[in-house]
Amino acid sequence: MRRVTYRMSSLGGLGRRLRDGTLAVLVPVAACGVALAGLTTWVGTGSAGSPARIRVTQGRVLLPSAGIPETAAFFRIANEGGSADTLVRITARDVPGEVTLSRHRMRQGNAAYRSRTGSVSVAAGDSLAMSPSGIDLTVPVPADPWRSGDLVPFTLEFRRSGPVRVLAVVVRPGTVPLQ
């Protein structure tokens with residue numbers, strides 16, 4: 001009798017170890033299954049790995065004041081894709097000199113200054129509205145003066161999306177909202 005009882009207790013330990021081992025395996029397998037289901041849903045909605053889709057609209061160049069060597073330009077940049085992109089360079093064919101990307105900052109006493117910035121990121125599904133109080137473009141004024149309504153061609157170059165060609169209309173300061 002003793003022998004049978006001894007064997008039964010050893011089988012009971014085996015059952016407990018089998019149950020514990022099964023649970024130890026099932027937990028990571030279940031976690032992987034949940035993660036796989038989430039990724040499958042994400043891919044199915046078209047969000048996973050889709051490239052940045054940049055759209056540039058509402059281009060405006062402020063009509064320069066007489067004798068001032070530069071002015072500002074503003075655009076609205078929308079990234080309708082699934083990956084972030086970065087504006088890295090701006091050129092304008094009819095402009096002498098370099099167009100620079102600038103960020104406006106405030107000092108004490110309500111004094112504003114601009115600082116040149118090398119790039120600006122546009123997150124996936126987000127937009128950037130350039131404004132006089134944030135990011136804008138500093139544009140050298142051509143020798144042949146612009147008039148209100150003129151169109152100025154710009155090329156905005158993005159790290160992933162490449163160049164985007166767009167026109168900006170010359171406007172008098174204060175005549176249209178720039179945000």
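Across the range 105-127, the qualifying residues are those that are at pLDDT below 90 and closer than 30 Å to Arg53 by Cβ, and the one among them that is surrounded by the fewest Cβ atoms within 10 Å (Cβ to Cβ) is Ser115.
To keep it simple, each residue is scored yes or no on (1) surrounded by 15 or more Cβ atoms within 10 Å (Cβ to Cβ); (2) touching a residue at least 60 places away in the same chain (Cβ under 8 Å).
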{"residue": "Gly59", "(1), (2)": "yes, yes"}
{"residue": "Phe74", "(1), (2)": "yes, yes"}
{"residue": "Asp85", "(1), (2)": "yes, yes"}
{"residue": "Ile90", "(1), (2)": "yes, yes"}
{"residue": "Gly97", "(1), (2)": "no, no"}
{"residue": "Ser102", "(1), (2)": "yes, no"}
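Suppose the filter is open to solvent by 30 Å² or more (accessible area, probe 1.4 Å), modelled with pLDDT of 90 or more and part of a loop (DSSP other than H, G, I, E, B); does Arg165 pass it? When the stated conditions are applied, Arg165 does not pass them. Screening Pro142 with (1) touching a strand residue (DSSP E or B) at 6+ places or on another chain (Cβ under 8 Å); (2) open to solvent by less than 40 Å² (accessible area, probe 1.4 Å) gives one miss only, at (1).
The values are calculated or read from the model by the stated rules, or taken from the named source; none is laboratory data. Since we're looking at a predicted model, the values are computed, not measured. Using ideal geometry, Cβ is built from the backbone for each residue, glycine included, and neighbour counts are taken over all protein chains shown. Only protein heavy atoms, including side chains, enter the accessible area calculation; ligands, DNA and RNA are left aside. Shrake-Rupley method; radii C 1.70, N 1.55, O 1.52, S 1.80 Å.
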